[in-house]
Amino acid sequence: MSVNIGVDLRVEGLDTVDQAHRVADAVTEFVATERISRAEFPVKTAVVRRRPIVKARTPYPLIIGGFGNWSERFEAGVRGAITGVAPDAQIMFEYDYPDEI
């Protein structure tokens, strides 16, 4: 069964802006292996209260088949990409289910 899903990602606990850029690049590379384009999951860096962060949000819902298996694989892959660059990063995922009433 397929579901429409929105995905939010936030990464905190980064040391430098350069590290944030490297994390963003690593996430973007992994997401491409899931056949999700940059337009579908744009990954951005920012500085909030003098601390670099990485954030990403789907601008519109993705259609995902087998969401339970996909979400586990997706989160593990994103976490692996991030911790390969920033082992102490705090990684937060949030899912939105726009079709739920």
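Here are some notes:
- Secondary-structure-derived ellipticity at 222 nm for the chain, considering helices only, amounts to -11500 deg cm²/dmol, per-run term -39500 (n - 2.57) for DSSP H runs with n ≥ 4.
- Each residue in 79, 51 was given a count of other beta-carbon atoms within 10 angstrom of its own, and listing them fewest first yields 51, 79.
- The C-alpha atoms of the chain define a longest principal axis, and helix 17-33 lies at about 30 degrees to it.
- Between helix 67-83 and the chain: long-axis angle, C-alpha atoms, 0 to 90°, nearest 10: 10
- Label point distance in nm, residue 33-residue 51, each placed 7 Å from Cα along Cα→Cβ: 2.9
- Gyration tensor verdict on the chain (Cα atoms; rounded if a/c is under 1.5, prolate if a/b is larger than b/c, oblate otherwise): prolate
- Relative contact order [Cα under 8 Å, 6+ residues apart], the chain, whole percent: 47
Only the coordinates and a few stated rules stand behind these numbers; no lab work does. Please read these numbers as outputs of a predicted model, since none were measured by experiment. No Cβ is skipped: glycine too gets one built from the backbone with ideal geometry, and neighbour counts run over all protein chains shown.
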